[in-house]
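Just below is one structure, and these are the notes that go with it.
Readers should treat all values here as calculations from the given coordinates under stated rules, not as data from a laboratory. Just so we're clear, the structure is a prediction, and the values are computed from it rather than from any experiment. Heads up, the Cβs are rebuilt from the backbone with ideal geometry, glycines too, and the neighbour counts pull from every protein chain shown.
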Amino acid sequence: PRDWSSDVCSSDLLPDWVSVVQLPIRTSGADCSDECPRWTAYLTATTGGDPELMALLQEIAGWLLVPDTSYQKFVLFYGDAGTGKSTFLRTVTALLGTQNVSAVGMDRLTDRFSPAEMQDKLANLCGDMGKVTDKVEGVLKMLTGEDTMMFERKHQTPYSARATARLIFATNELDRKS
């Protein structure tokens, strides 16, 4: 298989522990005006027919179907507007069911109550990444590292648990670490 790590963004944008794959997603040839195209038609249109990239996107979608966090990874889709990132997130949300998906942005990971929104969900799919701060970096490591962490909901007793949601963020541009 192709080594997608060769497409990672320069290290001056994000911390060393983050690998970002810039997917060469294209929408040319996709016609969504009348009805939703089939999954394979979407994959073909957005990847330009690249079979390895199509397999990667299918693997990511399949990874979300199984409640297993042992891979200790999160996914970041990066690319220009109109390249299929949000379409992928909407499709996967429909596949998983909205009751199994949260949408906590990276900038909200350090909020007091936001991480609890991801608990007992299969995926956290967010179309706007936000900045990676040192605090966010720590929470990301806990969420993806199978660490026990504290969750708190308003007017309820805080509890400790391992995160259940796999994380996918999408962005048009990468902000520098702040």
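Going through the stretch 106-169, which trypsin sites (Lys or Arg not before Pro) have at most 16 other Cβ atoms within 10 Å and a DSSP loop state? Loop-located and lightly packed - Arg112, Lys131, Arg153, Lys154.
Multiplying the residue separation of Glu173 and Glu59 by 0.36 nm and removing their Cα-Cα distance gives an extension gain of 38.6 nm. Using a simple spin-label model with pseudo-atoms 7 Å out from Cα toward Cβ, His155 and Thr40 lie 5.2 nm apart.
Under the combined filter of DSSP loop state and at most 11 neighbouring Cβ atoms within 10 Å, the stretch 104-178 retains these GluC sites (Glu not before Pro): Glu173.
Modelled spin-label separation between Asp128 and Arg108, with each label point placed 7 Å from Cα along the Cα-to-Cβ direction: 1.0 nm. Please grab the % of Cα pairs in the stretch 43-131 that end up more than 24 Å from each other. Every Cα pair in the stretch 43-131 considered, those over 24 Å come to 21 percent. Structural size metrics of the stretch 98-178, computed from C-alpha coordinates, are Rg and Dmax of 12.3, 38 Å.
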